[in-house]
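The values are calculated or read from the model by the stated rules, or taken from the named source; none is laboratory data. Everything quoted here is computed from the prediction, not taken from an experiment. Every residue, glycine as well, gets a Cβ built from its backbone with ideal geometry; the counts of neighbours run over all protein chains shown. SASA here: full protein model, heavy atoms, side chains in, ligands and nucleic acids out. Shrake-Rupley method; radii C 1.70, N 1.55, O 1.52, S 1.80 Å.
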Amino acid sequence: MEASMTLGLIVLGLAVIGIIALVAWSCRIIDRLNSGEEKTSRQIIKEQQNGSQD
Amino acid sequence: MAARTEVHSELSRDLNLFHVTMMGLGMMIGAGVFLGIGNCIGIVGPGGLLLTFALNGVVALFTAMSYAELSSAIPRAGGAYNFARIGYGRQASFIAGWMEWFASSVAGAMYAMTFSLYTMRFILTTWLKLDISENTFGLIVKAAAVAAAVLFIYINYRGASETGKIGAIVTLLQTAFMFVIGGIGVIIALKDPARLANFHDFIPHGWLKLAVAMGAIYVAFEGYEVIAQAGDEVSNPKKNLPKAMLLSVLVVTLTYVLVTFATIVAVKGGPDLTVGGKQLQPWQWIGSFNEEGFRHAVGRMIPYANLLLTLAVIFSSTSALNATIYSGTRASYALGRDSMLPKAFARISGSRKTPWFALLMTGGIVICLAGFFPIKEVQAAASLTFLVLFFLVNVCVIKIRRSMSDELTYGYLMPLFPLFPVLAIICQLTLVFFMHEFSVAALVTAGVWLVLGFAVYWLYSRFHAVATADEIHILEEEAAPLEPGTARVMLAVANPANALSMVKNTYKICRQKKASLELIHMVPVPDLVPLTDADKYLHEGKEGITETILYLGGHFKVNSTLRYCRNIARGILSALREKKINMLIMGWHGRRNNGLFSVGSTVDPLLESSPCDVIIMKNCCDCEYENILVPVAGGPNSRLAFETALTLASKKTRITLFSVVNGRSFDPSTLLTIDTRLYGVKPQNVAAKSVPGHDVKQAILDEAENCDMMVIGASRKPMLSHVFHGTLPEEVAEACDKSLIMVSATRGLRSWIRRWI
């Protein structure tokens with residue numbers, strides 16, 4: 001297998017997996033943020049930091 | 001006499017997640033992929049084509065995340081136009097809306113032409129087998145393109161509900177068809193693995209060609225823009241808008257990669273792939289048919305491919321045409337709504353609830369382009385204008401998150417901010433750079449439209465634009481002419497008492513810097529109070545400014561400004577940037593806000609985002625200080641704190657540079673290299689002192705008991721980090737009951753960048 005093909009397939013795989021992972025991560029964030037009351041970004045970040053402390 | 005009542009029209013919210021996701025998909029799974037495969041495979045080769053679609057998906061997702069975040073916080077019709085208005089004001093927003101309108105309309109013309117080209121080719125050449133000249137065929141194609149545009153203008157006129165439902169059904173069918181093609185390709189590759197040899201050479205002309213191909217087919221990835229336009233018509237927009245954007249990019253990228261794979265394995269290598277007496281590789285053979293390469297390749301894989309693909313093109317082009325007309329209409333509607341274009345653009349049909357005049361104007365552009373311009377140039381112009389538009393949105397998302405974090409409620413916050421918008425900006429600039437190789441005519445067309453936009457703004461929009469709730473307005477301003485190069489100090493005045501407490505220190509600072517003085521009072525007016533009533537809130541600020549001018553007007557050139565705003569910090573930041581201020585001075589009442597802020601909702605954003613030095617004064621008075629304590633820890637703010645102390649000192653003042661040795665040590669005497677005589681302070685009046693101690697805060701406060709003034713550098717930690725760690729300088733500042741000054745030095749390149757984003 002030529003080197004450019006090997007590299008190309010790695011890049012292709014990373015791109016596709018990256019897209020799926022980012023969309024999944026983002027959808028989780030959307031569901032979480034929309035499950036309660038409306039918040040500003042400052043409140044959200046504070047809650048996230050408190051969560052990571054627990 | 002009966003009171004006059006206004007009839008309020010608004011768009012109906014009847015699109016759900018499925019509708020808007022399909023709307024975005026319909027915009028993307030259109031002519032771009034059908035034309036792009038044949039046109040680009042010759043540039044990048046078989047493997048390169050797979051990478052082109054996958055990497056374009058990545059770039060599109062980065063921008064879609066920016067759109068998703070902004071749309072979840074500002075879910076209104078207008079998309080990029082609204083984002084730019086909130087981020088950068090009227091002129092930027094007008095240009096964004098203007099380009100958005102054009103980009104969507106150009107894309108609409110491209111889809112109408114593609115639809116017409118494929119259907120007329122099938123009907124006239126394949127089905128009826130008519131022998132007609134290319135000129136006649138070209139005229140028929142243009143007439144059919146115009147007819148298709150007229151049809152979908154009418155469908156859009158019937159209203160959002162019909163638009164969304166028709167578009168959703170058409171898009172669902174075409175997506176299913178594309179997946180069937182992809183599935184057949186996978187089955188063929190499994191049955192005959194030798195076809196995988198079609199991927200040699202993987203990228204025959206080098207990796208840089210990827211950028212050319214990506215730019216050329218970028219228009220196939222811009223569907224999330226139309227979703228942003230639907231902000232006024234989507235149910236639960238904070239959730240549905242961002243989800244629809246991200247899901248549509250995911251589905252479209254997987255579809256493109258799958259279909260590209262199927263196209264390449266569809267052709268079996270052999271002696272029948274000969275063109276002009278030359279034996280070609282399968283990918284070369286596909287590329288030899290240019291925009292029809294996809295049709296020829298798939299024709300070798302499935303029966304009745306010609307008919308099926310013509311049907312697919314009809315589905316895809318018409319749904320994309322539908323979506324682009326929708327998007328262009330909403331962009332011009334938003335411009336009309338805010339009086340940036342004549343109010344007629346905002347007229348909404350009473351029965352259909354659609355902005356009929358904006359639709360008519362958008363349709364006019366689509367019809368003109370489809371009727372008179374070549375398809376390749378139209379496609380390139382669409383890609384270029386979308387790239388420019390998306391670049392602007394990625395800048396806006398950074399700016400808005402930084403400057404309005406406490407004013408907007410978000411339904412989505414992108415992770416690892418600002419990594420993805422920065423990556424998107426870099427990628428888009430690269431693609432624009434390579435676009436010049438693709439079409440010079442596109443650059444000219446986009447440039448002419450841009451110049452026309454500036455002309456419309458300067459001749460019409462800036463005189464008619466109405467204020468929105470997000471803007472900052474100058475109510476009164478007195479400006480004295482200044483010599484170039486003069487340093488500028490801004491004093492933010494809240495009320496007469498606050499102004500008088502800062503007058504003497506401000507005088508000393510301006511004298512030391514040989515600076516002019518800008519006085520500003522921001523008038524925070526609640527959202528529900530109209531602009532016309534803002535003068536009720538002016539009284540205290542006016543008095544404060546008048547008092548300050550009485551004291552300082554005879555010594556320095558003084559300008560004064562009163563501004564209306566919804567948020568004081570954002571208003572002051574805006575003024576700092578506009579007036580190119582070198583130092584900001586403001587007062588602080590001394591009580592820290594709840595746990596969400598390090599100092600307060602006004603001071604925190606100014607310390608974090610100010611493009612200049614900031615001085616915060618607490619408990620200051622009109623007196624001479626005998627002992628000034630300067631706690632230092634070695635950062636850049638320590639130097640500014642020391643310089644400020646020297647500036648405020650009189651000949652008799654003693655200054656103590658104070659450090660607490662606790663783990664990491666800093667020798668305060670290193671700051672004594674500053675020539676104190678430049679400030680009129682004798683060197684023997686400055687001393688350095690270090691003491692050991694575990695409780696740094698208490699050690700500083702104990703030392704402060706012997707002083708009448710403390711000058712301390714603010715924390716350099718990013719905004720919000722205090723929520724997790726706490727910030728010592730701000731805790732000391734709150735606990736200290738003496739006169740106190742907190743300083744924050746400008747941060748070089750970082751502050752320069754912050755002038756813009």
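Residue check: B:Phe724 meets all listed conditions (1) at pLDDT below 80; (2) away from chain A (no Cβ under 14 Å); (3) open to solvent by 60 Å² or more (accessible area, probe 1.4 Å) but one, namely (2).
Yes/no per residue for (1) in the same structural domain as B:Gly36 (by TED's automatic domain parsing); (2) assigned to a loop (DSSP other than H, G, I, E, B); (3) over 25 Å from B:Ala31 (Cβ atoms); (4) touching a residue at least 60 places away in the same chain (Cβ under 8 Å):
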site: B:Val226; (1), (2), (3), (4): yes, no, no, yes
site: B:Asn240; (1), (2), (3), (4): yes, no, yes, yes
site: B:Leu247; (1), (2), (3), (4): yes, no, no, yes
site: B:Val252; (1), (2), (3), (4): yes, no, no, yes
site: B:Ala262; (1), (2), (3), (4): yes, no, no, yes
site: B:Lys268; (1), (2), (3), (4): yes, yes, yes, yes
site: B:Ile286; (1), (2), (3), (4): yes, no, no, yes
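Looking only at segment B:411-431, which residues are open to solvent by 50 Å² or more (accessible area, probe 1.4 Å), away from every other protein chain (no Cβ under 12 Å) and in contact with a helix residue (DSSP H, G or I) (Cβ under 9 Å, 6 or more places away or on another chain)? Once the filter is applied, which keeps residues that are open to solvent by 50 Å² or more (accessible area, probe 1.4 Å), away from every other protein chain (no Cβ under 12 Å) and in contact with a helix residue (DSSP H, G or I) (Cβ under 9 Å, 6 or more places away or on another chain), segment B:411-431 yields B:Val422, B:Leu429, B:Thr430. If you go through segment B:256-278 and keep only what is closer than 19 Å to A:Gly8 by Cα and β-branched (Val, Ile, Thr), you end up with B:Val257, B:Val259, B:Thr260, B:Thr263, B:Ile264, B:Val265. Selection of segment B:316-357 for residues being surrounded by 24 or more Cβ atoms within 10 Å (Cβ to Cβ) and among the hydrophobic types (A, V, I, L, M, F, W, C) yields B:Ala320, B:Leu321, B:Ala323, B:Ile325, B:Ala331, B:Ala334, B:Leu335, B:Met340, B:Leu341, B:Phe345. Here segment B:251-269 is the region considered, the condition is being of a type outside the set (A, V, I, L, M, F, W, C) and open to solvent by less than 20 Å² (accessible area, probe 1.4 Å), and the residue that is nearest to B:Phe62 (Cα to Cα) is B:Thr253.
Note on segment B:79-94: residues that are open to solvent by 10 Å² or more (accessible area, probe 1.4 Å), over 18 Å from B:Trp449 (Cβ atoms) and either in contact with a strand residue (DSSP E or B) (Cβ under 6 Å, 6 or more places away or on another chain) or hydrophobic (A, V, I, L, M, F, W, C) (or both) total 1.
Filter segment B:211-250 for residues that are open to solvent by 10 Å² or more (accessible area, probe 1.4 Å) and within 10 Å of chain A (Cβ to nearest Cβ); which is farthest from A:Met5 (Cα to Cα)? So the residue we want is B:Asn236.
Across segment B:625-655, the qualifying residues are those that are of a type in the set (D, E, K, R) and farther than 21 Å from B:Ser501 by Cβ, and the one among them that is surrounded by the fewest Cβ atoms within 10 Å (Cβ to Cβ) is B:Lys651. In segment B:446-466, the residue that is farthest from B:Ala346 (Cα to Cα) out of those that are open to solvent by 50 Å² or more (accessible area, probe 1.4 Å) and among the β-branched types (Val, Ile, Thr) is B:Val448.
Within the set B:Ile700, B:Ile655, the sole residue that is farther than 30 Å from B:Pro496 by Cβ and in a helix (DSSP H, G or I) turns out to be B:Ile700. Looking at segment B:395-405, can you tell me whether even one residue there is more than 14 Å from every other protein chain (Cβ to nearest Cβ) and buried (at least 21 other Cβ atoms within 10 Å of the Cβ)? Yes; the residues of segment B:395-405 include at least one that is more than 14 Å from every other protein chain (Cβ to nearest Cβ) and buried (at least 21 other Cβ atoms within 10 Å of the Cβ). Take the conditions (1) more than 30 Å from B:Asn236 (Cα to Cα); (2) modelled with pLDDT of 85 or more; B:Phe386 misses just one of them, which is (1). Starting from residues that are within 16 Å of B:Cys620 (Cβ to Cβ) and of a type in the set (Val, Ile, Thr), keep the ones in segment B:728-746 and report whichever is surrounded by the most Cβ atoms within 10 Å (Cβ to Cβ). The residue in question is B:Val743. Filtering segment A:21-49 down to residues that are open to solvent by 80 Å² or more (accessible area, probe 1.4 Å) and assigned to a helix (DSSP H, G or I), which residue is modelled with the highest pLDDT? Only one residue fits best here, namely A:Trp25.
B:Phe434 fulfils the conditions (1) open to solvent by less than 60 Å² (accessible area, probe 1.4 Å); (2) under 21 Å from B:Phe83 (Cα atoms); (3) at pLDDT below 90 except for a single criterion, (2). Among the residues of segment B:168-210, write down those that are within 13 Å of chain A (Cβ to nearest Cβ), surrounded by 15 or more Cβ atoms within 10 Å (Cβ to Cβ) and out of contact with any Gly (no Cβ under 7 Å at 6 or more places or on another chain). Of everything in segment B:168-210, just one residue is within 13 Å of chain A (Cβ to nearest Cβ), surrounded by 15 or more Cβ atoms within 10 Å (Cβ to Cβ) and out of contact with any Gly (no Cβ under 7 Å at 6 or more places or on another chain), namely B:His200. The single condition among (1) part of a helix (DSSP H, G or I); (2) within 30 Å of B:Ala176 (Cβ to Cβ); (3) of a type in the set (S, T, N, Q) that B:Thr354 does not meet is (1). Residue by residue through segment B:31-58, note down the ones that are under 25 Å from the mean Cα position of the chain (by Cα), facing chain A (nearest Cβ under 10 Å) and open to solvent by less than 10 Å² (accessible area, probe 1.4 Å). Within segment B:31-58, B:Phe53, B:Ala54, B:Asn56, B:Gly57 qualify.
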